[in-house]
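The values are calculated or read from the model by the stated rules, or taken from the named source; none is laboratory data. Computed from a prediction, not measured in an experiment: that's the story for all the values here. Neighbour counts are summed over all protein chains in view; Cβ atoms, including those assigned to glycine, are modelled from backbone coordinates with ideal geometry.
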Amino acid sequence: MYGSLFNKNKTFDRKRPDFYEDIVTKKEYAKILQMSEEECKRLGKISAIQAGTIKVTNLKRAEEEFVFHLDNLVRKCKYYEEEEWPTVIKNHFSRFPIDESKAKFLSKDFEYAQSLLKVLVRRPKSMSGDLVHRFDIPHTHSFLILDYDERFHFLTPEDIVEWAIPQSELFEIALANIAAEKIDIQEVYWKDEFQLFTFFSGDFSASFMLELSKNAPFAIGKYGAVVAIPTKGSAFVHPLNGDTALDFINAFDETFATFHREDEVPISEQYYWFYKEIFEVFPEVEKGNKIYIELPPPLKRLFE
């Protein structure tokens, strides 16, 4: 279910990708990759390794290739002792092999596949150009996926050709499925002062924000809302009914940073202003040796 993500001029590149520099050392990455390769060998023939991905060819049907992205696994290993890595990695790959017949069936039968369509908000990835995605929230991508067999199957343009349905319509269906997900929503008063709505789930809190006006209109104030999506499973929304954005950010920032830093699937370190269906980043400015967050200019003008 994957198109070509690899540079054919350098099929086997085991170098640690730059985006893992702050997560694992080169030596640690080499160990994770080596153990991952061993697990992949039981699934088929490894035909390429590049940029934190391993491509495996089915031994029975050579035309079928599958790509395993190691991002979540690398981040998960960070939270375990090195001697525990073999178990962590083995358990990670225990969900495979992929049911190729089901994958092929879903690529042809949209009536069945549509209930499995979802959207995942993730940080941009090196292979994003080969996957069906769009840009909804700055510094993130919204990926179209199929959610089945306890796995997320990222879709390529080739996967959806036979459905003959515009991508915009596929995203509408996927977002409707996200809206039906079970999200734990709570209203609290942060520091006993700031109204705050928390959104927790296993995987889809960030995706739930894409249609905030539909999914949680009560969380949007007269001037929109401050939105934070530190991880896939957590999101925080402060309704703006007055000039409280910067005071809230100052009060919430330490907690926000902790969520982002300690989760295995972080999404964004940015604060967003959501207003009239648009997400806009709160700009950061450097003054002296410190970084300060300022109001987005359009929001600032609303209070003038």
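Do the conditions hold for residue 198, that is, is it assigned by TED's automatic domain parsing to the domain that holds residue 103 and of a type in the set (S, T, N, Q)?
No: the conditions fail for residue 198.
Checking residue 222 against (1) surrounded by fewer than 15 Cβ atoms within 10 Å (Cβ to Cβ); (2) in contact with a His (Cβ under 9 Å, 6 or more places away or on another chain), which test does it fail?
Result: residue 222 passes all but (2).
Quick one: how many residues across the range 36-56 are assigned to a helix (DSSP H, G or I) and without any contact (Cβ under 8 Å) to a residue 40 or more places away in the chain?
Number satisfying all stated conditions: 3.
So if I check each of 265, 281, which one is in the same structural domain as residue 192 (by TED's automatic domain parsing), surrounded by 16 or more Cβ atoms within 10 Å (Cβ to Cβ) and aliphatic (A, V, I, L, M)?
265
Counting residues that are under 21 Å from the mean Cα position of the chain (by Cα) and under 30 Å from residue 79 (Cβ atoms), which strands (runs of 3 or more DSSP E) fully inside the range 212-304 reach at least 1?
In the range 212-304, 225-231, 234-239, 271-275, 278-281 are the strands (runs of 3 or more DSSP E) which contain 1 or more residues that are under 21 Å from the mean Cα position of the chain (by Cα) and under 30 Å from residue 79 (Cβ atoms).
Any chance you could count how many residues in the range 164-204 are within 30 Å of residue 114 (Cβ to Cβ), of a type in the set (Phe, Trp, Tyr) and not in a helix (DSSP H, G or I)?
4
What's the number of the condition residue 168 fails, among (1) crowded, with 17+ Cβ neighbours inside 10 Å; (2) more than 21 Å from residue 221 (Cα to Cα); (3) modelled with pLDDT of 95 or more?
It fails just one condition, (1).
Spot the failing condition for residue 64; the list is (1) modelled with pLDDT under 85; (2) in contact with a Phe, Trp or Tyr (Cβ under 6 Å, 6 or more places away or on another chain); (3) among the acidic types (Asp, Glu), and only one is missed.
Going through (1) modelled with pLDDT under 85; (2) in contact with a Phe, Trp or Tyr (Cβ under 6 Å, 6 or more places away or on another chain); (3) among the acidic types (Asp, Glu) one by one, residue 64 breaks only (2).
Cβ-Cβ under 7 Å, sequence separation 6+ or interchain: first residue in the range 107-133 and at pLDDT 80 or above, partner among the acidic types (Asp, Glu) and in a strand (DSSP E or B). Which pairs?
Cβ pairs passing all conditions: 116/147; 118/147.
Could you count how many residues in the range 263-304 are among the hydrophobic types (A, V, I, L, M, F, W, C), in contact (Cβ under 8 Å) with a residue 24 or more places away in the chain and farther than 18 Å from residue 216 by Cβ?
Qualifying residue count for the region: 8.
When the residues of the range 177-210 are narrowed to those that are over 15 Å from the mean Cα position of the chain (by Cα), of a type in the set (Asp, Glu) and over 24 Å from residue 244 (Cβ atoms), which ends up surrounded by the fewest Cβ atoms within 10 Å (Cβ to Cβ)?
Ranking the qualifying residues of the range 177-210, first place goes to 184.
Assess whether residue 251 counts as being touching a residue at least 24 places away in the same chain (Cβ under 8 Å) and more than 29 Å from residue 22 (Cβ to Cβ).
no
Among 276, 290, which is the only one that is farther than 17 Å from residue 210 by Cα and basic (Lys, Arg)?
Result of the check over 276, 290: 290.
Determine whether residue 147 is modelled with pLDDT under 90 and either under 25 Å from residue 70 (Cα atoms) or part of a helix (DSSP H, G or I) (or both).
In short, yes.
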